[in-house]
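Have a look at the structure below before the remarks.
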Amino acid sequence: MILANLAKAIREQNYYAVFLEFVIVIAGVVIGFQVTSWSEQSALRAREESVLAALRQEIEIAASEYENAAGARMFRINNLTQALEVIGNESADEMPALNCHELRLSHTPWSTNIQLQTLEELAATGSISLISDVSLRQALINFRANQAAMENAAIETQRGMIEIPLSFPELVQLQPNSGAWAGASTHCNLASMRASQAFQNALVSNIQRNIRFHDLTTGSIADLEATRQHVAVPTAE
């Protein structure tokens, strides 16, 4: 219809009508582009809100798991330190059962390797730019980079730990309960521990590496908390 009117106006040399028809065509095209752009932007913002909601939930879960693991790591560090104090206390007759158990596990610090699945998907698909808030986007990029660096450092820290029951089997003895390795009981020979400087050196090294591991993962908690502040739902004023 518009093209027919335009052709008729040209034949009749009605240039006002020609101009009007051109304006109508151009306005229609512009409005069409605007509607399409608005629709696309609306879809992107809806997807961004969905991503942010998923991130908030994952960060809350990760923060809780990090805090629980941090508490468990400190529990182990404290018990290993107490075991070292018992060894140095000549009046002590035996190693307490809890400290003995922790000696057995001194080479296995509580690890928390948590990835934010939504963030990993954004990175894998190159969709991190979906996050419109520049500061939040940078915080997520920094968090992911820091996590990778800390995880590598934590692996290196753990790699140097000494598995005491295997290195000093006469000092820390494992006795399976009903044939189940996981349910093995542990016996510590306190007198032999006092006589072995090599064992004491290994224990000190494991304690230091547990502390180092804890410090590294505590940095992860700080990064996670900073990211949580960025992604938090704004408080209505």
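The values are calculated or read from the model by the stated rules, or taken from the named source; none is laboratory data. The shown structure was predicted, so the numbers you read here are calculated from the model rather than taken from an experiment. Neighbour counts run over all protein chains shown; Cβ positions are idealised from the backbone, glycine included.
On the stretch given as the stretch 41-86, residues that are surrounded by 13 or more Cβ atoms within 10 Å (Cβ to Cβ), small (Gly, Ala, Ser) and more than 22 Å from the chain's Cα centre (by Cα) total 1. In the stretch 104-139, of all residues being part of a helix (DSSP H, G or I) and touching a His at 6+ places or on another chain (Cβ under 8 Å), the one that is surrounded by the most Cβ atoms within 10 Å (Cβ to Cβ) corresponds to ALA139. The residues of the stretch 132-152 that are free of Cβ contacts under 8 Å to residues at least 40 places away in the same chain and either under 13 Å from the mean Cα position of the chain (by Cα) or over 26 Å from ALA46 (Cβ atoms) (or both), listed by number, are ILE141, ARG144, ALA145, ALA148, ALA149, GLU151, ASN152.
Restricting GLU163, GLU170 to residues that are surrounded by fewer than 13 Cβ atoms within 10 Å (Cβ to Cβ), over 25 Å from ILE59 (Cα atoms), at pLDDT 80 or above and among the acidic types (Asp, Glu) narrows the list to GLU170. Take the conditions (1) β-branched (Val, Ile, Thr); (2) more than 15 Å from the chain's Cα centre (by Cα); (3) within 14 Å of VAL51 (Cβ to Cβ); THR118 misses just one of them, which is (2).
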